[in-house]
Amino acid sequence: MGTINANTMMTLNGVAGRPENWQGDYMSPQMMGLIAGALQTCSGLVLGRRTYDEFVRYWPEVDPTENPMAPLMNGLPKYVVTTTMKSAEWNNTQVVSDTEALASVKASTEGMLNIIGSPTLVRSLLEAGMVDELSLMVFPTVVNDGIPLFAGAETRTKLELQHCSELPQGVLHLTYVAAG
């Protein structure tokens, strides 16, 4: 059975959506190394519909000589959790209709399934107890637009801190696992 690891960037006030509006000033080689490492060690990507729509417009067109993450993003198996899409145009992508279907994918997968972005999906999978590890990069900024990662959560999810480090420019990297 595989694991599901959620990798999310968020602001101090919990906004995880639209990181392109606030992350740029804080990106560092160390942060890019963490992101690339997560991609290199995973068996597949899990994406929400909005993240999929953003990625499919970008990654298939990226020249691998200009961005070494392009072959990983384009080559890895991808699972899009959505009820509004029936098929996917990006190579190696499977549409998954709900969390039960994703649980079946997790059960039949060896290794780690990595969620990138997709704050609404991360929140629902946390509530369903399906996230094995939550890796947060917390940026020292506050914004008022975007999707809050935890707003509207309907259940309490207890987490245990496994790792904490500071990246350049005050970005915190926090890794949690589900607590008992």
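The values are calculated or read from the model by the stated rules, or taken from the named source; none is laboratory data. What you see is a predicted model, and the numbers here were worked out from it, not measured in a lab. Please note: Cβ atoms are built from the backbone with ideal geometry, for glycine as well, and neighbour counts cover all protein chains shown.
Within region 4-49, the residues that satisfy the criterion of being assigned to a helix (DSSP H, G or I), under 21 Å from T120 (Cα atoms) and of a type in the set (A, V, I, L, M) are I35, A38, L39. If you go through region 76-107 and pick out every residue that is without any contact (Cβ under 8 Å) to a residue 12 or more places away in the chain and either closer than 14 Å to S43 by Cα or in a loop (DSSP other than H, G, I, E, B) (or both), you end up with 2.
In this structure, P71 does not qualify as exposed (fewer than 14 other Cβ atoms within 10 Å of the Cβ), at pLDDT 90 or above and in contact with a helix residue (DSSP H, G or I) (Cβ under 7 Å, 6 or more places away or on another chain).
Checked across region 88-110, the condition of being basic (K, R), crowded, with 18+ Cβ neighbours inside 10 Å and closer than 27 Å to V171 by Cβ holds for no residue.
The single condition among (1) over 13 Å from N5 (Cα atoms); (2) at pLDDT 95 or above; (3) not basic (K, R) that L113 does not meet is (1). Cβ-Cβ distances below 8 Å connect the following pairs, each with a first residue in region 31-47 that is at pLDDT 90 or above, a second residue that is of a type in the set (K, R), and a separation of six or more residues or different chains: G44/K78; L45/K78; V46/K78; L47/K78.
The combined condition, being over 19 Å from S124 (Cα atoms), out of contact with any Gly (no Cβ under 8 Å at 6 or more places or on another chain), in a helix (DSSP H, G or I) and not polar (S, T, N, Q), is not fulfilled by M1. In this structure, T65 does not qualify as without any contact (Cβ under 8 Å) to a residue 40 or more places away in the chain, in contact with an Asp or Glu (Cβ under 9 Å, 6 or more places away or on another chain) and of a type in the set (S, T, Y).
Considering region 126-180, the residues that are loosely packed, with under 11 Cβ neighbours inside 10 Å and among the polar types (S, T, N, Q) include one that is modelled with the lowest pLDDT, namely T155.
Contact annotation: no residue pair with Cβ atoms under 6 Å, 6 or more positions apart or on different chains, pairs a residue in region 1-30 that is within 22 Å of L102 (Cα to Cα) and of a type in the set (K, R) with a partner that is outside any helix (DSSP H, G or I) and modelled with pLDDT of 90 or more. Flag set for P64, criterion: at pLDDT 90 or above and not charged (D, E, K, R).
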